[in-house]
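The values are calculated or read from the model by the stated rules, or taken from the named source; none is laboratory data. Note that the coordinates shown come from a computational prediction; the quantities given were computed from them, not determined experimentally. All Cβ positions, even for glycine, are placed from backbone atoms using ideal geometry, and neighbour counts span all protein chains on display. For the accessible areas, the whole protein counts, side chains as well, though only heavy atoms, and no ligand, DNA or RNA atoms are used. Shrake-Rupley method; radii C 1.70, N 1.55, O 1.52, S 1.80 Å.
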Amino acid sequence: MSETYEHYITKNIKSFYKRRLFAPILYLLLLFLLWHLFSLSALLSPAPIDASMSLETAYRNDIEYVQTTLEDLNFTGYTRSFFGFNTGYYYYTIRNEECILVLLSPATSEEGLPMIEETSFSGKIILGTGTGFDTLLANLSQDLDWTENGIRNQVSHYIISEPDYNPIGNAVLLTVYIATGGYALICLILFILFLFFPVLSPPCQKLALFGNPKKLLALAEEELETLPQLATEDMFITEHFFIETSIYGNAIVPIDEIIWIYKHSTLHKFFWYHFSISYTLHISANRHFYIRCPKNIKSDIDGIIDYLAEANHNILVGFNEENRLKVQEKQGTPMHVKKFIDFLNTRV
């Protein structure tokens, strides 16, 4: 028996956080790939380009987002619309002996000024392809009295689009990217920390409500190793502790601190077919300590409840309104909730 349960709680805590390492590592790798594949760094600071670099050169060098200043922009008379709303106005200008098309936002173009002497903006270099671009060149060649082949030879096939830069959308995207990446990194660091120092993990630190976490963990380990009173697949009862070591989490709670236990059944079904029922054990202890042990079989939970009720006669058994009110009266209002209510009352 001692060999089976030697440092059993610590080993299960380590195994639990070792399994949880996979998700943040995978997510951080995904963010790393997205950062490089989609040039997300360019969203933070578009590359400044001037007339010395052609749009084609910039595009081929993977410069997608740019910041530039253009002069003598002439309105083509054509717009880009989305669901009946104009989202951009097409202008053309000569840049380093190259005629380029520019799509300006309604704000920058002031809803289609005939001519703009100078403007600075951030935009995205896009390759003009498809029937829309062909139609634009064909109509523009007629307006300028050029041949269609002539305008294709003179006008760059690369467009600077200000609406496609979308600073608000980019800001939201980067905020989500940085926030979720930061959360994943913090989780990864904490999981590694708990892996090497299990006593710092939440299941152990919650024991601080009842005493020294390190000493209580050592006592629970010793009792489980020497003589567990009751053992199921992932729940154990020793002389002084209830212990859970499942794939859903780990928990240690002193039996003397438990005030309420009950079980809850869950019917698992697929469409109209009911294929199983699982049971969840709920345990409430003093100082608002609460744990749940999901997906167990009825016989295991009934055995745990019966043993705990016998070991501590003050434990309330079963879920009903009377027990809920007794626990609420005994527990009182959590300190942080009480402070918040007092603050609201003061304000009112």
Compute the Cα gyration tensor for the chain, then decide on rounded, prolate or oblate, letting a ≥ b ≥ c be the square roots of its eigenvalues: rounded whenever a/c is under 1.5, prolate when a/b is larger than b/c in the other cases, and oblate in all that remain.
prolate
Classify region 197-290 from the C-alpha gyration tensor, please: rounded if a/c falls under 1.5, else prolate or oblate depending on whether a/b exceeds b/c.
prolate
Between 0 and 90 degrees, rounded to the nearest ten: what's the tilt of helix 213-226 against the longest Cα principal axis of the chain?
60
Taking placed amide H atoms and a strict 5 Å upper bound, the residues 5 or more places from Glu239 or on another chain that come that close are Gln229
In whole percent, the fraction of accessible protein surface over the chain that belongs to carbon or sulfur atoms, probe radius 1.4 Å, stands at 58
For a quick check, take a GNM of the chain with Cα springs below 10 Å and name the residue from Arg19, Arg292, Arg152 with the largest mean-square fluctuation.
Arg152
With +1 at each Lys and Arg Cβ and -1 at each Asp and Glu Cβ, the charge dipole magnitude of the chain around its Cα centre, to the nearest 20 debye, comes out at 1540
Counting DSSP beta bridges in the chain, what percent are antiparallel, to the nearest 5?
85
So how tilted is helix 130-143 from the main axis of the chain? Cα-based, degrees 0 to 90, rounded to 10.
30
Which one, Leu43, Cys293, Phe83, projects farthest toward the positive side of the charge dipole computed for the chain from Cβ point charges (K/R +1, D/E -1)?
Cys293
At 1.4 Å probe radius, can you tell me the per residue accessible area of the chain in Å²?
60
Rank these residues by their accessible area, most exposed first, probe 1.4 Å: Tyr262, Tyr27.
Tyr27, Tyr262
Among Asn74, Tyr279, Leu188, whose Cα sits farthest toward the positive end of the charge dipole of the chain (+1 at Cβ of Lys/Arg, -1 at Cβ of Asp/Glu, about the Cα centre)?
Tyr279
Please turn the phi angles of region 177-185 into ³J(HN,Hα) values with the Karplus equation 6.51 cos²θ - 1.76 cosθ + 1.60 (θ = phi - 60°), one per residue in order, whole Hz, x for glycine and proline.
4, 5, 5, 5, x, x, 5, 4, 5
Between Tyr165 and residues 5 or more places away or on another chain, the pairs with built amide H atoms under 5 Å apart involve Lys124
In deg cm²/dmol, rounded to 500, what helix-only [θ] at 222 nm does the chain give when every DSSP H run of at least 4 residues adds -39500 (n - 2.57) and the total is split over its residues?
-13000 deg cm²/dmol
Give the long-range amide H neighbours of Gly128: residues separated by 5 or more places, or on another chain, with amide H under 5 Å away, using H modelled in the peptide plane at 1.01 Å from N.
Tyr158, Ile159
For region 48-54, Karplus couplings with θ = phi - 60° (6.51, -1.76, 1.60), whole Hz, Gly/Pro x
x, 10, 10, 5, 6, 10, 6
Which order do you get for Thr131, Thr10 if you rank them by accessible area with a 1.4 Å probe, largest at the top?
Thr131, Thr10
Please list 3J(HN,Hα) in residue order for region 68-74, calculated via the Karplus relation 6.51 cos²θ - 1.76 cosθ + 1.60 where θ = phi - 60°; whole Hz, with x for glycine and proline.
8, 10, 10, 10, 6, 8, 10
